[in-house]
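Below: one structure, written as structure tokens.
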Amino acid sequence: MKEHPLKLLLTSAGIKTASIREALVELLGKPIAESSALCIPTGAYGHPMVGPAGPYRFVTGQSEQPMTELGWKSIGMLELTALPSIDDRWIDWVRETDALLVNGGDALYLCHWMRESGLADLLPSLHETVYVGFSAGSMVLTPRIGEDFVQWRPPSGDDSTLGVVGFSIFPHVDHPALPENTMAEAERWAAGLGNPAYAICDDTAITVVDGAVDVVSEGHWKLFTP
């Protein structure tokens, strides 16, 4: 895996805790109120359980995964499915923003459109940008998501994602609304991957800066190694 210049904050459910918010401010190097952001709702459209209200709540700051409502100096929306049909002016929008806020949904659908739009190719050049993902928005940067999480299937037919980081992520572990997301199930999932993997609850996030991985948690998590 090549070292990536992006500063990453990979969450299960957004900026849910004070410690995750502190980690975001540290990555930004300045207060949120002095920072700009672009939110990317695309991943939600690929998930069979997400209706039209889901992306709307994310964009307007009304979801249960705090991202856009944190008090940014300015915020805009980047819809990846639109980018192939417009000129390259969106590249400057991305280069000029302090943070990318990447919605959850379906990781493989999001991965497909990150590639198709050109955003995946742009990521390695974003040396000052903070990438903030939740759920699928975090999983899309991993080497693979595991068959358990495959819903929308890409043309390749497999479960591989962008591989910006060298570990996979099992989000929402032990979530009360997701009884199947147990730590034991996460361990079984991880055993089939062939690479390190983190199971994280909604009060946990992973930061990656210059290749150094740290866990920020007010809940529980576990690292599985092959």
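The values are calculated or read from the model by the stated rules, or taken from the named source; none is laboratory data. Worth saying up front: this structure is predicted, and the values here are computed from it rather than measured. Don't worry about glycine lacking a Cβ; one is built from the backbone with ideal geometry, like all the others, and counts go over all protein chains shown. For accessibility, only protein heavy atoms count, side chains too; no ligands or nucleic acids. Shrake-Rupley method; radii C 1.70, N 1.55, O 1.52, S 1.80 Å.
Label-to-label distance, SER36 versus MET183, with points set 7 angstrom from Cα along the beta-carbon direction: 4.4 nm. Which of rounded, prolate or oblate describes segment 67-148 when judged by the alpha-carbon gyration tensor and an a/c cut-off of 1.5? Oblate, because a/c is 1.5 or more while a/b does not exceed b/c. Neighbours of VAL216, meaning other residues whose beta-carbon lies under 12 angstrom from its beta-carbon, give a summed charge of -3 when Lys and Arg score +1 and Asp and Glu score -1.
Going from most exposed to least, what order do LYS7, LYS30 have by accessible area with a 1.4 Å probe?
Numbers: LYS7 40, LYS30 65 Å².
The ranking, largest first, comes out as LYS30, LYS7.
Mind counting lysine pairs for me in the chain? Cα separation below 20 Å, and the two need to be 8 or more apart along the chain or on different chains. Here the count comes out as 7.
Applying both filters, DSSP loop and at most 16 other Cβ atoms within 10 Å, to the trypsin sites (Lys or Arg not before Pro) of segment 28-120 gives LYS73.
With Cβ to Cβ distances under 12 Å as the rule, what net charge do the other residues near ALA177 carry (K, R +1; D, E -1)? Counting the neighbours of ALA177, the net charge comes to -4. Distance between Cα centroids, segment 116-194 to segment 56-112: provide it in whole Å. Here the answer is 17 Å between Cα centres. With protein chains left intact and a 1.4 Å probe, residues in the chain average 44 Å² of accessible area per residue. Per-residue ellipticity at 222 nm computed for the chain from its helices equals -6500 deg cm²/dmol, with DSSP H segments shorter than 4 residues left out and the rest contributing -39,500 (n - 2.57). Rolling a 1.4 Å probe over the protein heavy atoms of the chain, with every protein chain left in place, gives an accessible area that is 51 percent carbon and sulfur. Tell me the chymotrypsin sites (Phe, Trp or Tyr not before Pro) within segment 3-58 that lie in a loop according to DSSP and have at most 15 other beta-carbon atoms within 10 Å. Answer by residue number: there is no such site.
The packing ranking of peptides 63-70, 152-159, highest mean first, is 63-70, 152-159, where packing means the average number of other beta carbon atoms within 10 angstrom of each residue. Note down the net charge around VAL59, summing +1 for each Lys or Arg and -1 for each Asp or Glu among other residues with Cβ under 15 Å from its Cβ. So the surrounding residues net to -2. Under the classification rounded if a/c is under 1.5, otherwise prolate if a/b is larger than b/c and oblate if not, where does the chain fall, given a ≥ b ≥ c as square roots of the Cα gyration tensor eigenvalues? Taking the square roots of the gyration eigenvalues as a ≥ b ≥ c, the chain is rounded.
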